[in-house]
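Throughout, read-outs are computed from the coordinates displayed, never taken from laboratory work. Just so it is clear, the structure is predicted and the values come from calculations on it, not from any experiment. Glycine also receives a Cβ, built like all others from the backbone with ideal geometry; neighbour counts cover every protein chain displayed.
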Amino acid sequence: MFFLSCRGYPLLSLVTISNIRRPYLISLIRRTQVNTIVMLNSVLANFYERDIRKLIEEVNLFRNEEDLWRTHGSVKNSAGNLVLHIIGGLNHLIGATLAQTGYLRDRGQEFIRKGVERKYLVSQLEELVPMINKTVNGLTPENMEAEYPIFFDYPKASTSYVLLQLLLHLNYHLEQVNYLRRIFE
């Protein structure tokens with residue numbers, strides 16, 4: 001039997017659906033879709049916050065602040081530069097592009113700058129959390145499925161696609177920072 005469900009709970013069986021007038025059914029399905037997108041936005045924002053807070057923890061776990069700027073073997077980017085890259089990327093791709101913050105990115109400097117104080121890195125990461133939370137949770141289902149305002153990966157990528165890719169990219173760099181920190185312990 002077919003069930004319309006939300007969050008794993010059956011809402012309507014096929015038999016029940018056949019007894020509902022079409023306009024009401026369409027309205028019910030749209031509300032369910034909107035609730036699902038709102039729930040997904042919240043989950044996505046929570047994952048961003050979780051991973052940014054974990055990155056802050058990693059930065060603070062470096063015993064020697066200078067080690068934030070060291071590389072090892074074939075690893076060409078320091079933990080500090082990876083953090084600057086995350087800060088710049090999220091401020092540009094979520095802040096400036098979706099939230100209209102006016103942030104101007106200098107991507108080249110994210111990999112050139114050295115010796116930035118840990119305190120500054122942490123404060124910049126902390127500022128990302130409320131900006132991303134407000135932005136992601138404020139997106140409507142139409143915003144999420146709309147074409148992302150600038151080219152990203154392929155033509156006409158949706159905002160939901162870009163937000164997911166950025167979260168995965170954040171997680172990738174978080175693990176690189178973790179790896180570098182453990183090497184220098």
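On a 28 Å Cα-Cα criterion, which of the cross-link pairs Lys76/Lys119; Lys54/Lys156; Lys114/Lys134 come out too long?
Beyond 28 Å between Cα atoms: Lys54/Lys156; Lys114/Lys134.
Output wanted: per-residue J couplings in Hz (rounded whole) for region 125-134, from phi through Karplus 6.51 cos²θ - 1.76 cosθ + 1.60, θ = phi - 60°, x for Gly and Pro.
Karplus-based 3J(HN,Hα) across region 125-134 equals 5, 4, 5, 5, 4, x, 5, 5, 4, 5 Hz.
Which residues' amide hydrogens lie under 5 Å from the amide hydrogen of Ser158, considering only partners 5 or more residues apart or on another chain, with H built in the peptide plane?
Amide H to amide H, under 5 Å and 5 or more residues apart or across chains, Ser158 pairs with Tyr148.
With θ set to phi - 60°, apply the Karplus curve 6.51 cos²θ - 1.76 cosθ + 1.60 along region 49-63 and write out the HN-Hα couplings as whole Hz, x wherever there is a Gly or Pro.
Per residue, the Karplus-derived 3J(HN,Hα) values read 4, 4, 6, 5, 5, 5, 5, 4, 4, 4, 4, 6, 7, 5, 5 Hz.
How about region 91-147: which GluC sites (Glu not before Pro) there are in a DSSP loop, with at most 13 other Cβ atoms within 10 Å of their Cβ?
Here the GluC sites (Glu not before Pro) that fit, given the DSSP loop and packing criteria, are Glu117.
Give me the extension gain from Thr101 to Gln165: residue separation times 0.36 nm, minus the current Cα-Cα distance, reported in nm with one decimal.
Taking 0.36 nm per residue and subtracting the Cα distance, the gain is 21.0 nm.
Over region 108-185, what portion of Cα pair distances is larger than 19 Å, expressed as a whole percent?
55
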